[in-house]
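Notes follow the structure.
The values are calculated or read from the model by the stated rules, or taken from the named source; none is laboratory data. Computed from a predicted structure; not experimentally measured. As a convention, Cβ positions derive from the backbone with ideal geometry for all residues, glycine included, and neighbour counts pool all protein chains shown.
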């Protein structure tokens, strides 16, 4: 998006609203940006990009909240139009249009990541000779080809195609897609949330990809801990689930303290 520096009057408005920055020149805004009470008690550092905040977003109780940034810290953060950040600490993050981040302990990017894509999962042998790489579009059919036909032309061609895709995802920022919502969560590092993803009460995520859409959102709930996990659309993971090096396939439901490592759960597993 096109950006401009803050005007002196806007810096004055932000300062009067309790906002702070060691270098206001690092804060750049959309041409139509206006403070108008939409930023309060915000600490800016590093580079910061702000869109236009005019809309209101509904919460789960049916109330609406004005978009903008309130009681939060932003370091190397880009916020698209009509996103909302409240009571959260963001470091190296890009937030999409209409996304909601509320009461998150830390949402951060920590070095370059492919968000679990390409992570090898030792599904049939612990020595890794039958491993399958995690991928946001992985299916049971593709996993079978990669595992059982390893070393053959079709399997290696498939691996090359997948690698081109996950290489394109490489970023040192976490991503919160348009319309995604992150509520009351702990430490979230190196995560990529697609459009409409829902996180509420998540304990910890590290190096995770959440495939989602507004029509088929992926949902992660209370107490979930995940490291190097790909979640696909319409999956539901909640109730203290703990995962490492796993795929949670489309429509899969995991709950009630379930734990797993080095596993692939394909479509509609329960």
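The figures follow:
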quantity	calculated
Evaluation of residue 76 against (1) at pLDDT 95 or above; (2) touching a strand residue (DSSP E or B) at 6+ places or on another chain (Cβ under 8 Å); (3) under 18 Å from residue 182 (Cα atoms) (one fails), failing number	(3)
Filter result for residue 183 (within 30 Å of residue 67 (Cα to Cα), surrounded by 15 or more Cβ atoms within 10 Å (Cβ to Cβ) and touching a residue at least 60 places away in the same chain (Cβ under 8 Å))	yes
Those strands (runs of 3 or more DSSP E) lying entirely in the range 6-84 with at least 3 residues in contact (Cβ under 8 Å) with a residue 60 or more places away in the chain and closer than 25 Å to residue 105 by Cβ	none
Subset of the range 244-264 that is in contact with a strand residue (DSSP E or B) (Cβ under 8 Å, 6 or more places away or on another chain) and closer than 21 Å to residue 196 by Cβ - its residue that is surrounded by the fewest Cβ atoms within 10 Å (Cβ to Cβ)	255
Scope the range 138-151; condition in a loop (DSSP other than H, G, I, E, B) and either surrounded by 11 or more Cβ atoms within 10 Å (Cβ to Cβ) or in contact with a strand residue (DSSP E or B) (Cβ under 9 Å, 6 or more places away or on another chain) (or both); matching residues	138, 139, 149, 150
First in the range 212-226 and on the phi > 0 side of the Ramachandran plot and surrounded by 15 or more Cβ atoms within 10 Å (Cβ to Cβ), second anywhere and modelled with pLDDT of 95 or more and not in a loop (DSSP other than H, G, I, E, B), Cβ under 9 Å, 6 or more apart	223/242
Residue 20 vs. criteria farther than 22 Å from residue 89 by Cβ, exposed (fewer than 14 other Cβ atoms within 10 Å of the Cβ) and over 24 Å from the mean Cα position of the chain (by Cα)	no
Scan of the range 223-256 for residues that are over 17 Å from residue 186 (Cβ atoms) and either part of a loop (DSSP other than H, G, I, E, B) or at pLDDT below 95 (or both), ordered by number	232, 233, 234, 235, 249, 250, 251, 252, 255, 256
Any hit, the range 103-115, residues being touching a strand residue (DSSP E or B) at 6+ places or on another chain (Cβ under 6 Å), part of a loop (DSSP other than H, G, I, E, B) and surrounded by 19 or more Cβ atoms within 10 Å (Cβ to Cβ)	yes
Tabulated pairs, the range 139-151, first without any contact (Cβ under 8 Å) to a residue 60 or more places away in the chain, second assigned to a helix (DSSP H, G or I), C-beta under 8 angstrom, 6+ apart or interchain	142/158; 145/154; 145/155; 145/158; 146/155; 146/158; 146/159; 149/155
Residue check for residue 62: at positive phi and surrounded by fewer than 17 Cβ atoms within 10 Å (Cβ to Cβ)	yes
Subset of the range 180-202 (residues that are over 22 Å from residue 166 (Cβ atoms) and not in a strand (DSSP E or B))	201, 202
Within the range 48-67, tally of residues that are under 23 Å from the mean Cα position of the chain (by Cα) and closer than 20 Å to residue 9 by Cα	6
Residue within the range 162-171 that is surrounded by fewer than 24 Cβ atoms within 10 Å (Cβ to Cβ), assigned to a strand (DSSP E or B) and touching a residue at least 60 places away in the same chain (Cβ under 8 Å) present	yes
Any hit, the range 142-159, residues being closer than 30 Å to residue 75 by Cβ and under 25 Å from the mean Cα position of the chain (by Cα)	no
